[in-house]
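S.K.: This is the structure I have questions about; it appears just below.
The values are calculated or read from the model by the stated rules, or taken from the named source; none is laboratory data. This is a predicted model, so every value here is computed, not measured. Every residue, glycine among them, receives a Cβ derived from its backbone with ideal geometry; neighbour counts consider all protein chains shown. Side chains included, ligands, DNA and RNA excluded: accessible areas come from the protein's heavy atoms. Shrake-Rupley method; radii C 1.70, N 1.55, O 1.52, S 1.80 Å.
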Amino acid sequence: MTYLADLFIDGVWRPGGAGERFDVIDPSDLSVIARFATATEGDCMAAVDAAANAQEGWAATAPRERGELLRAAYEVLTAEVERFAEIIVRENGKSWSDAIGEANYAKEFFRWFAEEAVRVPGDYRLSPAGDKRIIVDRQPIGVALLITPWNFPAAMATRKLAPALAAGCTTILKPARETPLTAAYMVEVLRRVGVPAGVVNLVTPMPTGPLVAKMINRPEVRKLSFTGSTEVGRDLLHVCADSVVSASMELGGNAPLIVLPGADMDVTVEGTLLAKMRNGGAACTAANRVYVHASRHDEFVERMTAELAALSVGPGLDRSNQVGALVSTAERDKVAALVEDAVSEGATLVHGGKSSEQGAFYDTTLLTGVRHGSPITSTEIFGPVLTVVRYDDVDEAVRMANDTIYGLMAYVFGEEREAMAVAGRLEAGMVAVNRGVVSDPAAPFGGVKQSGLGREGGSDGILEFLEEKYIAVTAHS
Ligand code: ADP
């Protein structure tokens, strides 16, 4: 079934101004599932106009009212979680359990920020000289442009929409072209619960770069929140500089996973499986390189190989498969090329290593003898490929872990005191100790170095969409 899906501008679903459309593909069989409207420059400008016109009214609504709308969206997504997950599976290709996991994670941002909407902090104090009262208020920053990737089409959108709306900002959501249907479904849910016209808009501009730049350079747009590659993030920071737009950036990762000599192997295997295989490895937090102490190497490799071999790879709508498709055949071929390159420079292919003939599937794969510094350890793999590097000395493992321009996520498995000491030395915005997943709407998500700027979720997430205003009033004692 192919259907037509439209842009959402100023409270109305409508085709693009030029009547053009692009295909949305099911990666498990490469069939066309929808023809989505392409946004022209006129459509993008109309979205900015709608958001700008709605900004004052939305900012003036009571925080409780905004919170209750977000809470209502959470309730709808809870009631419709299977439908929500099915849309994610159809256009992204991930497994059913990954999609249900994402749907549940995504809707939690609406619940969390429904609660944060009414807890925005301020400050009030007497100046040191005693001459004035210093009042620090927080106000919505203004129209926010939210750009999301295809790997978590729901959660990356709600992680931005929820705090922006809670803060009182109006929004323009630009999903990845691979996964616009999940975004359209969530926007429709926000419309259904009563979010006013103009507060949430959805556009899919093409060509992307120039039209996004035009939106950022409209004076009403005061915030860019971007999740995607470091390369595109850098370009967008340049664009933001032109009109001094505040930018939150969640960029690429290259997470190391260190197995220390004292690691509990059951916990390590379970955690590594999650850190690597969640979302088929297509996560910026995925363990990209695994450093295993020589004393535990063979045991780790043997057990991980058995675990990977037991996973069934196939279409996500068949709920018995644990690993789904990659988002496209182009992504699958990138993964295949990285594996071939590693093998050609001497790595051993212990398991997997094959692409499917049909659909964008790639085998679960394990490589040993990988050279630290080779392309597969310095590029985000974004596929179900585990690369093992053997080390002898913990200081050397920490040095290799930090030897990257990225700093999003790191994992350590080991005896707790030693693991905590290593966690403190890792250059990463987030570190998981003896566990494979960290993401939680209540925790600050973000990276250091070239993995990003700012934090999403937690109590900081809403602050990214607020600006401080200092009001001085003379103190009469
Ligand atoms: P990924 O590797 O996850 O696809 P990208 O950075 O290419 O990461 O894409 C993330 C998001 O950024 C997507 O919504 C994509 O359409 C968008 N994007 C890609 N190029 C540009 C650009 N030049 N300007 C603005 N957005 C872009």
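S.K.: Of everything in region 43-61, what is open to solvent by less than 50 Å² (accessible area, probe 1.4 Å) and without any contact (Cβ under 8 Å) to a residue 60 or more places away in the chain? Give them in sequence order.
M.R.: ALA46 - this is the single residue of region 43-61 that is open to solvent by less than 50 Å² (accessible area, probe 1.4 Å) and without any contact (Cβ under 8 Å) to a residue 60 or more places away in the chain.
S.K.: Taking SER225 as the residue in question, decide whether it is hydroxyl-bearing (Ser, Thr, Tyr), farther than 28 Å from ARG83 by Cβ, within 15 Å of the ligand (Cβ to nearest atom) and within 17 Å of the chain's Cα centre (by Cα). Let's see the steps before the verdict.
M.R.: Numbers: hydroxyl-bearing (Ser, Thr, Tyr): yes; farther than 28 Å from ARG83 by Cβ: no; within 15 Å of the ligand (Cβ to nearest atom): yes; within 17 Å of the chain's Cα centre (by Cα): yes.
In short, no.
S.K.: Surrounded by fewer than 19 Cβ atoms within 10 Å (Cβ to Cβ) and within 20 Å of the chain's Cα centre (by Cα): is that true of LEU257 in this structure? Talk me through it step by step, then tell me what you get.
M.R.: Values: surrounded by fewer than 19 Cβ atoms within 10 Å (Cβ to Cβ): no; within 20 Å of the chain's Cα centre (by Cα): yes.
No: the conditions fail for LEU257.
S.K.: Also: What pairs can you find where one residue is in region 234-247 and within 10 Å of the ligand (Cβ to nearest atom), the other is open to solvent by 40 Å² or more (accessible area, probe 1.4 Å) and not in a helix (DSSP H, G or I), and their Cβ atoms are less than 9 Å apart, with a gap of 6+ or different chains?
M.R.: Partner pairs satisfying both residue conditions: VAL239/ASN217.
S.K.: So which residues in region 298-312 are more than 29 Å from ASP26 (Cβ to Cβ) and either among the aromatic types (Phe, Trp, Tyr) or open to solvent by 50 Å² or more (accessible area, probe 1.4 Å) (or both)?
M.R.: Kept after step one, since they are more than 29 Å from ASP26 (Cβ to Cβ), are these residues of region 298-312: 298-306.
ASP298, GLU299, PHE300, GLU302, ARG303, ALA306 - these are the residues of region 298-312 that are more than 29 Å from ASP26 (Cβ to Cβ) and either among the aromatic types (Phe, Trp, Tyr) or open to solvent by 50 Å² or more (accessible area, probe 1.4 Å) (or both).
S.K.: Within region 418-477, can you find the residues that are part of a helix (DSSP H, G or I), open to solvent by less than 50 Å² (accessible area, probe 1.4 Å) and closer than 29 Å to VAL245 by Cα?
M.R.: Applying the first criterion (part of a helix (DSSP H, G or I)) to region 418-477 yields 418-425, 449-451, 461-465.
When the remaining residues are screened for being open to solvent by less than 50 Å² (accessible area, probe 1.4 Å), the result is 419, 422-423, 451, 461-462, 464-465.
Hits for region 418-477 are SER451, GLY461, ILE462, GLU464, PHE465.
S.K.: Quick one: would you say VAL350 is more than 15 Å from GLY383 (Cα to Cα), modelled with pLDDT of 95 or more and either open to solvent by less than 30 Å² (accessible area, probe 1.4 Å) or under 24 Å from the mean Cα position of the chain (by Cα) (or both)? Spell out how you get there, then give the answer.
M.R.: Details: more than 15 Å from GLY383 (Cα to Cα): yes; modelled with pLDDT of 95 or more: yes; either open to solvent by less than 30 Å² (accessible area, probe 1.4 Å) or under 24 Å from the mean Cα position of the chain (by Cα) (or both): no.
No, not satisfied.
S.K.: Against the conditions (1) of a type in the set (D, E, K, R); (2) open to solvent by 20 Å² or more (accessible area, probe 1.4 Å); (3) within 26 Å of ARG425 (Cα to Cα); (4) within 16 Å of the chain's Cα centre (by Cα), where does LYS276 fall short? Just the number, please.
M.R.: So the condition that LYS276 fails would be (2).
S.K.: Further question: Within region 313-339, take every residue that is in a helix (DSSP H, G or I) and basic (Lys, Arg) and give me the one that is most open to solvent (accessible area, probe 1.4 Å). Outline the logic, then answer.
M.R.: Filtering region 313-339 for residues in a helix (DSSP H, G or I) gives 329-339.
Now drop any that are not basic (Lys, Arg), which leaves 332, 334.
Values: ARG332: 30, LYS334: 120 Å².
So, considering only residues that are in a helix (DSSP H, G or I) and basic (Lys, Arg), the one most open to solvent (accessible area, probe 1.4 Å) is LYS334.
S.K.: Does ALA282 count as among the small types (Gly, Ala, Ser) and either surrounded by fewer than 23 Cβ atoms within 10 Å (Cβ to Cβ) or within 16 Å of the ligand (Cβ to nearest atom) (or both)?
M.R.: On the way: among the small types (Gly, Ala, Ser): yes; either surrounded by fewer than 23 Cβ atoms within 10 Å (Cβ to Cβ) or within 16 Å of the ligand (Cβ to nearest atom) (or both): yes.
Yes: the conditions hold for ALA282.
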